[in-house]
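Everything below concerns the one structure shown next.
The values are calculated or read from the model by the stated rules, or taken from the named source; none is laboratory data. Not measured: the values here are computed from a predicted model. Side chains included, ligands, DNA and RNA excluded: accessible areas come from the protein's heavy atoms. Shrake-Rupley method; radii C 1.70, N 1.55, O 1.52, S 1.80 Å.
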Amino acid sequence: HSNTLIIGENGAGKSTILDALTFVLFGKAFRKINKPQLLNSITKKNLVVEIDFTIGSNLYKIVRGIKPSVFEVFVLAA
């Protein structure tokens, strides 16, 4: 097993990374905020998160977004 450590100054985006990962996998923010608060604060749109990961020999890709509304799951079997 391996570990990942994320460090940075306050306001650098550490919690935003957790929000993005939780949103793409589960459709909600990690923190206690509303989904609309995840949107671009200027345009109020353009939230799309993509994640690629492997489990065993399979490659998975998940794309989830709000404005545009998208939820796609891809599985590429080895």
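Helix-only arithmetic for the chain: the sum of -39500 (n - 2.57) across DSSP H runs with n ≥ 4, divided by the residue total, places the mean residue ellipticity at 222 nm at -5500 deg cm²/dmol. Of the residues Ala20, Ala12, Ala29, which exhibits the maximal mean-square fluctuation in a Gaussian network model of the chain defined by a 10 Å Cα contact cut-off? Largest GNM mean-square fluctuation: Ala12. For Phe30, the residues whose amide H sits under 5 Å from its own are Asp19, Thr22, Phe23, ignoring neighbours fewer than 5 places away on the same chain, with H placed 1.01 Å from N.
Note on the chain: Lys pairs 8 or more places apart or on different chains, Cα atoms under 13 Å apart, count 5.
Springs between Cα atoms under 10 Å define the GNM used for the chain, and in it the highest mean-square fluctuation of Ile42, Ile51, Ile62 occurs at Ile42.
Accessible area per residue (1.4 Å probe, heavy atoms of protein chains only) ranks Phe23, Phe53, Phe71 as Phe71, Phe53, Phe23, with the largest value leading.
Short-range pairs are left out: with C-alpha atoms under 8 Å and at least six residues apart, the relative contact order of the chain is 20 percent.
3J(HN,Hα) couplings calculated from phi for region 61-74 with the Karplus curve 6.51 cos²θ - 1.76 cosθ + 1.60 (θ = phi - 60°) are, in sequence order, 9, 10, 10, 9, x, 10, 6, x, 7, 8, 8, 9, 10, 10 Hz; Gly and Pro show x.
Here percent of Cα pairs over 21 Å apart was calculated from the structure, and among (1) 33; (2) 37; (3) 23 it sits at label (2).
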